[in-house]
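Comments concern the structure below.
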Number of protein chains: 4
Amino acid sequence: MLINFLGSVWLQLTSSAEFAEVGCPSLRVRASVSSPQKLYSSKTTQVKSGEEVQIAVLGASGYTGAEIVRLLANHPQFHIKVMTADRKASEQFGSVFPHLITQDLPNLVAIKDADFSNVDAVFCCLPHGTTQEIIKGLPKQLKIVDLSADFRLRDINEYAEWYGHAHRAPELQQEAVYGLTEVLRDEIRNARLVANPGCYPTSIQLPLVPLIKAKLIKLSNIIIDAKSGVRRGAKEANLYTEIAEGIHAYGIKGHRHAPEIEQGLSEAAKSKVTISFTPNLICMKRGMQSTMFVEMAPGVTAGDLYRHLKSTYEGEEFVKLLHGSTVPHTRHVVGSNYCFMNVFEDRIPGRAIIISVIDNLVKGASGQAVQNLNLMMGLPENRGLQYQPLFP
Amino acid sequence: MLINFLGSVWLQLTSSAEFAEVGCPSLRVRASVSSPQKLYSSKTTQVKSGEEVQIAVLGASGYTGAEIVRLLANHPQFHIKVMTADRKASEQFGSVFPHLITQDLPNLVAIKDADFSNVDAVFCCLPHGTTQEIIKGLPKQLKIVDLSADFRLRDINEYAEWYGHAHRAPELQQEAVYGLTEVLRDEIRNARLVANPGCYPTSIQLPLVPLIKAKLIKLSNIIIDAKSGVRRGAKEANLYTEIAEGIHAYGIKGHRHAPEIEQGLSEAAKSKVTISFTPNLICMKRGMQSTMFVEMAPGVTAGDLYRHLKSTYEGEEFVKLLHGSTVPHTRHVVGSNYCFMNVFEDRIPGRAIIISVIDNLVKGASGQAVQNLNLMMGLPENRGLQYQPLFP
Amino acid sequence: MLINFLGSVWLQLTSSAEFAEVGCPSLRVRASVSSPQKLYSSKTTQVKSGEEVQIAVLGASGYTGAEIVRLLANHPQFHIKVMTADRKASEQFGSVFPHLITQDLPNLVAIKDADFSNVDAVFCCLPHGTTQEIIKGLPKQLKIVDLSADFRLRDINEYAEWYGHAHRAPELQQEAVYGLTEVLRDEIRNARLVANPGCYPTSIQLPLVPLIKAKLIKLSNIIIDAKSGVRRGAKEANLYTEIAEGIHAYGIKGHRHAPEIEQGLSEAAKSKVTISFTPNLICMKRGMQSTMFVEMAPGVTAGDLYRHLKSTYEGEEFVKLLHGSTVPHTRHVVGSNYCFMNVFEDRIPGRAIIISVIDNLVKGASGQAVQNLNLMMGLPENRGLQYQPLFP
Amino acid sequence: MLINFLGSVWLQLTSSAEFAEVGCPSLRVRASVSSPQKLYSSKTTQVKSGEEVQIAVLGASGYTGAEIVRLLANHPQFHIKVMTADRKASEQFGSVFPHLITQDLPNLVAIKDADFSNVDAVFCCLPHGTTQEIIKGLPKQLKIVDLSADFRLRDINEYAEWYGHAHRAPELQQEAVYGLTEVLRDEIRNARLVANPGCYPTSIQLPLVPLIKAKLIKLSNIIIDAKSGVRRGAKEANLYTEIAEGIHAYGIKGHRHAPEIEQGLSEAAKSKVTISFTPNLICMKRGMQSTMFVEMAPGVTAGDLYRHLKSTYEGEEFVKLLHGSTVPHTRHVVGSNYCFMNVFEDRIPGRAIIISVIDNLVKGASGQAVQNLNLMMGLPENRGLQYQPLFP
């Protein structure tokens, strides 16, 4: 499948000019794929067993930064050398995140004071927007996994439209590889800069991309109702009192993850896909459930969808199809890098319902980032990621 | 609109034999509607201001029973005379529900020992199944609001199919009026036995029935993703440790509220409607959000849906359309009898998203039951229901 | 008891000069009590049944302001005429608090633009510190219930010490009556300015003041471990992600409610009382439990404490002693103005454990404020306060 | 310190007859300590690096069983060979606990069908009471860590009093070593049967035992207010709807952990200690906070308590004193085997407040059990326990 995927991208490439003309910007493909020299010349990094990789975590005072630290605590080769947090510069990391006081870590520094001379790789956990310029200024030999949205949209016009300003590092954007590990593994392995996917896009593309590529579902009327735990943004709407014991939808038409999802599905479909996407915020600290309501291609059954996903993810450590009618629960993946999914018949004939769950901070952010950097460094993909889910 | 509704039922009635033949059981209509004598002869009850109505609460040791008590604490005319709870017989109500110890209430008795001689009306909060036989045995002059599912499905074959046994009081079922107050107010006013709607059906029919009747949305591909707080069932799956901080879908194809919803929508449509219905359990004690993904009729816009609902519910005390793009939050109706709703454009042209929220224990159960009994007794509909939402 | 209490204050008064000299500032008494003319000459306000009282709510965009609105929604005589919120001036109240959109309310205005010409009484829900100056500037004929801490501490030196600046309205502070309704009812009835107690002080003084006055417990080693739901302060520490599923202590030595509690206990004891006070923040939106570990006077039993509290609060609508060994639960008073309490024997002979629970936003803030204004206006104390607890 | 502790027990031993006579049952010491032969002859087990230890988990369908499985998922040498669960016999473990479906585990069997022939060690997660007889019937060469309360109380009379029946395996009880790892490490290393401590006793003894031994705090008036997450017991009181958003005390005088705590403190004090112990249940799935209010010995300061605990636990991996005034939060240890603690001055001179937090399912149950078995098998104590806390 992965070979097919690359193949299909390649095919698109040859006709990308036309696509651009017919106003299908999300189908334009990255230069990194389009330049065969790069694919062949890129010297794959291969860290030897026991060898240490020196890591910098930029923007370490947010939850995704803390989560990187938690995961690397059990990583035998990734060693955190530099941690930045401009507003907390010179503080100890353990004073910001007391749950990690037992870790022996460098003090936080302002990013302008960070010394990258002995650093091999970077997790960039900075806010959207500033990330572009920061990464542009980093030494070129660094491997980078960027957890922001800055390099996820391949079309810089679309970026400008959704983020309200022109992209500040378009050449980097072209180099960036989209880090949906199980779907784009080979490209990630050779990448220098990986754009780590958003949480919703991860939970939605993992089931839908293979089904679309196999033409098992229709492209029209893909309806997604997704439910997420709360992010940290220090605003009134995220206070305990505002969130506890309730649910509400938000960004119904305009969530920034919509174009990212549509980009992935469109690429899989080789034609423009528009989705219905309703995210909901629910009273949980971690976890994400995406419910996808799809029309199947003529003659296809829910069992066919299940079997295709089952065989697609056979052998994957982190993506699991549940048995029989077992429903994925968000609480069964919390703390882990797993994505659990299952397929259900709908009451309406010809339709199916697909449910996937992840921990939005792990597979939806820092876990997938570690998984990607493992790949980029030639290490086993699951290093540092063997935390089992924490239930209850 | 209500007159139209009755009219349309009447029209159906004349051709109900055909419908029955073509296997469309949910279109069969209740005898109460079909017998014009009853409509005219039924002497509407009219309690005078200041007069007391003596109430019995059957099955008072469950949450819906406790909620009836909470609401009646501020009802100037409904006076609780009898409370039954077989397993808690002879206990004080306040020892079962300490939050209501300040109320002066009769002790709990077993139902077989209940004295109905001075009782005017009954809230029946018993479990599904047993309810039928209990109500069959009650004195005929009692007004009854039944909160179980026993009289909601008009087609007793459908009942048998979903509940696993033949209906034990089919004649009562024919007499029962479905208690969706804002939609069937006139019938409820004249009813002796009201089948109080389920929580999901209330939150879904309130927006969809008017839209379907006005032919503003298509009948195909009505997709509903609903999220509910937890019920009390004393089973492992409802433990705090199993529920907190998470969400999961359940009963995806087979939730018993699906036929109840389809009955209401089919009646509104005058043709069989099959819905996609995915209920989810989320970590909240009260509250329900229903998200409805619909295709609009040709040329219809989301604004049209909004305006139709707005005018339909103009003047209603308990059903409110929110302004502009305000999203209904479950936590904004908790503790109250309100249903808040709003309509949103979808990213997919021609589609709309409707979100409604209620407190599943109030408008979705005991609150609507009180509203119905108020109507049945000729009292202002909002008596005892003026609790404002409790937020935060 | 209330007469005794006033009497004891009176006695103190005659010797207040000495007390002041011996460094016992918390025993200094308010001028309002010390001026007998006032007590007798003060023309008690007496609103006639059916007559409307015009209300202003200052600082209406916070939770205590919203809670005032919720309670007054069912108050037959208090009518909200003016609502201020500087940062939300000109917004509709329902856009700030959508759960109250059904209420017909004046738009929010900046306090400088508020028209008090037709206002009779004010609920002041402003932050500590600014309140003093605002109230100083209000028309003198207004009755005021202040929910801030600005007038709670009678000793302005103590105020300065705990709040970091000299008191800006010391003459008003002298006029203010401390609004612990059940303990100081007669004074409140005649007050123009009431300092509404803090939530911890309410839940702690209600049981301890009568026991101390009756000399049933020792003054030494009163140890209080209190647990509160979260306040709204829009800071990172109050985010859902920081609060959910956990508990932590805070302000162990330095919570500002400690001097307020000690003031009340010292007055009851007629000698300085120093308490051990450990507040905890727990993951709940409303509710407060105070656990008080006390040594009993020689020969006194837990039963004696219970009986004394029982008889003290006999006939009180809002303070209830639970029966037998029933433990007060926070969730059994949520949404109501009740304080539930009970007394338990300790494993250590001679000691007892007292537990009280309130809803911190109702009896601990806005509910007690309404109760106090009812008293001040000569209305039945429970008007607008008959919301029963919301459980589950 | 550990040597001193053993020494002190030894000293007691010589006079245990007298103690018994003066009615101080909790001071009676275990035979295992009193028989020096055993101490010397016990051949310490020493598993070689890389060698597998075959494990049986009895009662694997409860939360502590699942937690053992979670921890052993990352244990390089403990291999689960047998899992029992009588009511779920023949089911797959992953169908009971879907969060662990990725683990390759033996199917559940009834305990009577379990084959112990290739098993080296047992985690016994059975309910109190039945455990005694089950363990009595197990092959004698097995190392056993028992997570029930059956072998925690050394005095079988006390056991009978608290658990309502005579102890059924008194000889095993004499052999059992109490598994408070950091306090009794040397004994545990040589034990065959370890009675794993309760969660409250762990969180309370870890700070108090060293302070009592060092005579830094008084033995009278030790007041403990403890807060715990919810256990799984499938009863109404543990339902989500009953627990969410609230706190309540329970078992105020009679919690079964009280004698266990008093046993440990009395042993440390060499005289009978009676505590005030108030446990509270709060709305969290994991976590425990114990707040201990103590009187210090004359001249001792809170700083002295801090320094003594700091030096006692210097070098311990799992017990940490926080810096400065940092307050331990339950949510900062969730998912980990850590105990965080700190000491605070009280407002009342001469008193101090100690707060400790653990995850009740890890350090308070399964984590400490794994820690103990590691010791018993001669492995590094932290094997399988390097999960960092999961926050948020």
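The values are calculated or read from the model by the stated rules, or taken from the named source; none is laboratory data. Predicted model, so just to flag it, every value in this text is computed and none were measured. Cβ sites come from the backbone with ideal geometry, for glycine too, and all protein chains shown count toward neighbours.
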Checked the stretch A:84-136 for anything touching a residue at least 12 places away in the same chain (Cβ under 8 Å), more than 30 Å from A:E175 (Cβ to Cβ) and of a type in the set (V, I, T); matches are A:V96
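Residues in the stretch C:115-124: is at least one over 25 Å from C:E51 (Cα atoms) and assigned by TED's automatic domain parsing to the domain that holds C:M83? Steps first, please.
Just the residues of the stretch C:115-124 that are over 25 Å from C:E51 (Cα atoms), to begin with: none.
The answer is no, given that none of the residues of the stretch C:115-124 is over 25 Å from C:E51 (Cα atoms) and assigned by TED's automatic domain parsing to the domain that holds C:M83.
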Which residues, taken from the stretch D:183-218, are touching an Asp or Glu at 6+ places or on another chain (Cβ under 9 Å) and among the basic types (K, R)?
D:R185, D:R192, D:K218
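Can you say whether D:T274 is of a type in the set (S, T, Y), crowded, with 24+ Cβ neighbours inside 10 Å and either farther than 30 Å from B:S228 by Cβ or not assigned by TED's automatic domain parsing to the domain that holds D:L305 (or both), as far as the supplied structure shows? Spell out how you get there, then give the answer.
Details: of a type in the set (S, T, Y): yes; crowded, with 24+ Cβ neighbours inside 10 Å: no; either farther than 30 Å from B:S228 by Cβ or not assigned by TED's automatic domain parsing to the domain that holds D:L305 (or both): yes.
Criteria not met by D:T274.
This table checks each residue for (1) out of contact with any His (no Cβ under 7 Å at 6 or more places or on another chain); (2) in a helix (DSSP H, G or I); (3) farther than 21 Å from A:Q92 by Cα; (4) more than 10 Å from chain C (Cβ to nearest Cβ).
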{"position": "D:V327", "(1), (2), (3), (4)": "no, no, no, no"}
{"position": "D:F340", "(1), (2), (3), (4)": "no, no, no, yes"}
{"position": "D:I355", "(1), (2), (3), (4)": "yes, no, yes, no"}
{"position": "D:R383", "(1), (2), (3), (4)": "no, no, yes, yes"}
Please go through (1) in contact with a helix residue (DSSP H, G or I) (Cβ under 8 Å, 6 or more places away or on another chain); (2) within 28 Å of B:R192 (Cβ to Cβ); (3) away from chain A (no Cβ under 12 Å) for B:D359 and return the number of the only condition it doesn't satisfy.
(3)
Can you find even one residue in the stretch B:197-211 that is assigned to a strand (DSSP E or B) and assigned by TED's automatic domain parsing to the domain that holds B:T312?
no
Residues located in the stretch C:203-233, provided they are surrounded by fewer than 23 Cβ atoms within 10 Å (Cβ to Cβ) and under 22 Å from D:F391 (Cα atoms)
C:R231, C:R232, C:G233
Of (1) at the interface with chain B (Cβ under 7 Å from one of its Cβ atoms); (2) within 25 Å of B:E245 (Cβ to Cβ); (3) free of Cβ contacts under 8 Å to residues at least 12 places away in the same chain; (4) not in a helix (DSSP H, G or I), A:I252 satisfies every one except (3)
For the subset of the stretch A:277-319 comprising residues that are of a type in the set (S, T, Y), touching a strand residue (DSSP E or B) at 6+ places or on another chain (Cβ under 9 Å) and farther than 18 Å from A:D346 by Cα, which member is farthest from the other protein chains (Cβ to nearest Cβ)?
A:T312
Is it fair to say A:G233 is within 22 Å of A:F151 (Cβ to Cβ), at the interface with another protein chain (Cβ under 10 Å from one of its Cβ atoms), touching a strand residue (DSSP E or B) at 6+ places or on another chain (Cβ under 9 Å) and among the small types (G, A, S)?
yes
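Give me the residue from the stretch A:46-75 that is in contact with a Lys or Arg (Cβ under 7 Å, 6 or more places away or on another chain) and over 17 Å from A:I111 (Cβ atoms) and, out of that set, nearest to the other protein chains (Cβ to nearest Cβ). Steps first, please.
Of all residues in the stretch A:46-75, those in contact with a Lys or Arg (Cβ under 7 Å, 6 or more places away or on another chain) come to A:54-56, A:61-63, A:75.
Going one step further and asking which of them are over 17 Å from A:I111 (Cβ atoms), we end up with A:63, A:75.
On the way: A:Y63: 6, A:H75: 11 Å.
Filtering first and then ranking leaves A:Y63.
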Restricting the stretch C:283-298 to residues that are touching a helix residue (DSSP H, G or I) at 6+ places or on another chain (Cβ under 8 Å), assigned to a strand (DSSP E or B) and not polar (S, T, N, Q), the residue that is surrounded by the fewest Cβ atoms within 10 Å (Cβ to Cβ)
C:M296
Does the stretch A:139-153 contain any residue that is within 14 Å of chain D (Cβ to nearest Cβ), among the acidic types (D, E) and in contact (Cβ under 8 Å) with a residue 12 or more places away in the chain?
no
Mind listing whichever residues of the stretch B:304-325 are free of Cβ contacts under 8 Å to residues at least 40 places away in the same chain and either part of a helix (DSSP H, G or I) or of a type in the set (S, T, Y) (or both)?
B:Y306, B:R307, B:K310, B:S311, B:S325
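What residue, among those in the stretch D:112-138 that are hydrophobic (A, V, I, L, M, F, W, C) and over 24 Å from the mean Cα position of the chain (by Cα), is farthest from the other protein chains (Cβ to nearest Cβ)? Step through it out loud before you land on a result.
As a first pass, look at the stretch D:112-138 and keep what is hydrophobic (A, V, I, L, M, F, W, C): D:114, D:116, D:119, D:121-126, D:134-135, D:138.
Checking the rest, the ones that are also over 24 Å from the mean Cα position of the chain (by Cα) come to D:114, D:116.
Details: D:A114: 24, D:F116: 26 Å.
By that ranking, first place goes to D:F116.
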So which residues in the stretch B:255-278 are outside any loop (DSSP other than H, G, I, E, B) and either within 19 Å of B:F340 (Cα to Cα) or among the β-branched types (V, I, T) (or both)?
B:I261, B:T278
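Tally up the residues in the stretch C:78-109 that are of a type in the set (G, A, S) and either within 13 Å of chain B (Cβ to nearest Cβ) or within 26 Å of the chain's Cα centre (by Cα) (or both), please.
Our first condition is that a residue be of a type in the set (G, A, S); within the stretch C:78-109, this holds for C:85, C:89-90, C:94-95.
Next, only the ones that are either within 13 Å of chain B (Cβ to nearest Cβ) or within 26 Å of the chain's Cα centre (by Cα) (or both) stay: C:85, C:94-95.
The number of residues fulfilling the criteria is 3.
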Condition met for B:L373 (away from every other protein chain (no Cβ under 11 Å), under 30 Å from B:L142 (Cα atoms) and aliphatic (A, V, I, L, M)):
yes
In the stretch C:219-233, anything among the hydrophobic types (A, V, I, L, M, F, W, C) and over 20 Å from the mean Cα position of the chain (by Cα) is listed as C:L219, C:I222, C:I223
Residue satisfying condition, being outside the structural domain of D:H329 (by TED's automatic domain parsing), in contact with a helix residue (DSSP H, G or I) (Cβ under 9 Å, 6 or more places away or on another chain) and surrounded by fewer than 22 Cβ atoms within 10 Å (Cβ to Cβ), within set D:E175, D:E236:
D:E175
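Conditions (1) modelled with pLDDT under 95; (2) part of a strand (DSSP E or B); (3) on the phi > 0 side of the Ramachandran plot; (4) in contact with a His (Cβ under 9 Å, 6 or more places away or on another chain), marked per residue:
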residue: B:A56; (1), (2), (3), (4): no, yes, no, no
residue: B:G65; (1), (2), (3), (4): no, no, no, no
residue: B:R70; (1), (2), (3), (4): no, no, no, yes
residue: B:H79; (1), (2), (3), (4): no, yes, no, no
residue: B:Q103; (1), (2), (3), (4): no, no, no, no
residue: B:D115; (1), (2), (3), (4): no, no, no, no
residue: B:N118; (1), (2), (3), (4): no, no, no, no
residue: B:F123; (1), (2), (3), (4): no, yes, no, no
Only one of (1) farther than 30 Å from A:V69 by Cβ; (2) modelled with pLDDT of 95 or more is not met by A:G254, so which one is it?
(2)
Please give the number of the condition B:E245 fails out of (1) surrounded by fewer than 22 Cβ atoms within 10 Å (Cβ to Cβ); (2) at pLDDT 95 or above; (3) not in a helix (DSSP H, G or I).
(1)
Of the listed residues (B:N118, B:N107), the one being surrounded by fewer than 18 Cβ atoms within 10 Å (Cβ to Cβ) and either among the small types (G, A, S) or under 26 Å from B:G378 (Cα atoms) (or both) is B:N118
